[in-house]
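Single-structure report; data block below.
Nothing in this text is a laboratory measurement; each read-out follows from the coordinates by a stated rule. All values reported here derive from a predicted model rather than from experimental measurement. Heads up, the Cβs are rebuilt from the backbone with ideal geometry, glycines too, and the neighbour counts pull from every protein chain shown.
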């Protein structure tokens, strides 16, 4: 088979002093964090980036939709960045690219399915598609001093790969999400032969998926899930609703197979579900007989016992299709007694509360809900458990090894696991947040601290919500707000009437009239300190805030947000 090769014209050899002959490995996400995966490899005048994912907000990030890696380090060195290499098509590895690529504008290299997902996302965001380069398992990339090859691994989305990265200090294996499933639904097994061949001349460093280091044994096969879908669907009188990750293509294929057996039409609900299905179908990763898939608008034409809905929102995301339908807020889908919801995914750590809250909501409505806690063979993780991790490491035998895509708790469990394979603590790198790993032919060491912070997506805004805004939102949610309206004579600059105080989320005005009347006296007192000439309202507002904050805390032990508003009359 002819080997495919991408060789950017700007590649040039590096002439480096011994001091600069160091490979710098910089996690911008994915270390101490399950999501937001993004890794930088830097040597001299060349940088390559592996993955660019999204994270999900925790409960303190009020109003935030997504969390992105901070790419300030890359923007400051944009002249060095040779490309972004993608390991697979899950959003925690590619979802950040539509938001961050416009600031980098470098080539993206991805296997066929991930490239298809990215082109769909880029089209939706009106971004150019020509920078997305489709690779395959024979591709050899030359990106500055880096040479990158691919090998297939089993995971919960087709076309998942590990990377063989040749650098001037030695070979690095970047093993993102994987497992050792010998009977995968999509027939893509982890290629142990290619991995062993890649490792035979030595591997200086291996980065590896450590998410399930705490789980003993090996993952079971996903094949029994299809039979579970069939058994539940076969006894269901109403609609069968299956919810899963929209990029879990093999799980969606299993649902479609069951729909054919049960003679049910299939509607795909949710924009991400529809888009990913269309991409996977066009590229040949999903097959369905003609006439099986119906448009969402046709749902009302079919009896409930003739329908299967495959819906986005398996993590209970508030704005998802499943959540809206559960709250009777979906334009086309309503749930009723007799319907069954099958949750074919487990909650990620940050989604635990919303996941179970949605199951509670559905259960309260009298709908039968099946999920992993009560039903076997509904979900199998795409991440290797402890024995699979040990097998992969045994195949590679790297000099140094570093867990990625996991929590700090998971990294410590990984380090304990590696002791079974004879790795001492100094050979297992549990990198702290914002640290650089320095790799030379002599060994590795922890380098300097790099300042990063989360970048938040809120609606259409990217990065315009920061820690100050989130702090204000937290205060509003926990303590409420007090608005002080000050009528000002625009000619004299003096107070033209009595100040008005409005409380929202702090105290109920009708039952707190005395408190608010005393607060008004505090405002009057603050104003009386400035009797002569036009008032400096910037100073006066600050003075009112300070006095009211102190007064309310003394009276209620609460700290509402104080917002003085000057109105000219």
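Residue 187 versus residue 559, label points 7 Å from Cα toward the beta carbon: distance in nm?
Result: 6.3 nm between the two label points.
With runs of 4+ DSSP H residues as the only contributors, calculate the mean residue ellipticity of the chain at 222 nm using -39,500 (n - 2.57) per run, divided by the residue total and rounded to the nearest 500.
Numbers: 15 runs with 161 residues, N = 569.
After summing the helix terms and dividing by the residues of the chain, the value is -8500 deg cm²/dmol.
Taking the chain as the reference, fit the longest principal axis to its C-alpha atoms, fit the long axis of helix 352-364 to the helix C-alpha atoms, and give the angle between the two in degrees, 0 to 90, nearest 10.
Compared with the principal axis, the helix lies near 80 degrees.
Taking the alpha-carbon centroid of each part, what is the distance from region 293-319 to region 541-564 in angstrom?
Centre-to-centre distance over Cα atoms comes out at 50 Å.
Pairing the Cα long axis of helix 386-396 with the longest principal axis of the chain, what angle in degrees results, from 0 to 90 and rounded to the nearest 10?
The answer is roughly 60 degrees.
Give the distance, in whole Å, between the Cα centre of region 112-152 and the Cα centre of region 334-409.
The two parts, judged by their Cα centres, are 28 Å apart.
Bins of 10 Å, beginning at zero and ending with the bin holding the largest distance: percent of Cα pairs per bin for region 172-271, please.
Once binned at 10 Å, the Cα pair distances of region 172-271 give 12, 33, 28, 17, 8, 2.
How big is the Kirkwood radius of region 323-377, worked out from every pair of different alpha carbons and given in Å to one decimal? Show your work: numbers first, answer last.
On the way: mean 1/r = 0.0842 Å⁻¹.
Evaluated on region 323-377, it is 11.9 Å.
Could you order peptides 391-399, 246-254 by the average number of other Cβ atoms within 10 Å of their residues, highest first? Spell out each step's value before the answer.
Working: 391-399: 17.4, 246-254: 24.3.
Top of the packing list down: 246-254, 391-399.
Give, in nm to one decimal, the length gained when the segment between residue 147 and residue 514 is fully stretched (0.36 nm per residue of separation minus the Cα-Cα distance). Intermediate results must be reported in sequence, preceding the final value.
Details: separation 367, 0.36 × 367 = 132.12 nm, distance 7.37 nm.
The residue 147-residue 514 span can extend by a further 124.8 nm.
In degrees, nearest 10, range 0 to 90: what is the angle between the Cα axis of helix 537-556 and the longest Cα principal axis of the chain?
Relative to the chain, helix 537-556 is tipped by roughly 80 degrees.
Cα extents of region 91-149 along the three principal axes, largest first, in whole Å?
The Cα atoms of region 91-149 stretch 31, 23, 22 Å along their principal axes.
For the chain, what does the alpha-carbon gyration tensor say about shape, rounded, prolate or oblate, given a ≥ b ≥ c as the root eigenvalues, a/c under 1.5 as rounded, and a/b over b/c as prolate?
Working: a/c = 2.18, a/b = 1.34, b/c = 1.62.
Because a/c hits 1.5 or more and a/b fails to exceed b/c, the chain counts as oblate.
Based only on Cα atoms, what Rg/Rh ratio does region 224-370 have, Rh being taken as Kirkwood's radius?
On the way: Rg = 14.0 Å, Rh = 15.1 Å.
Checking Rg against Rh, the ratio lands at 0.93.
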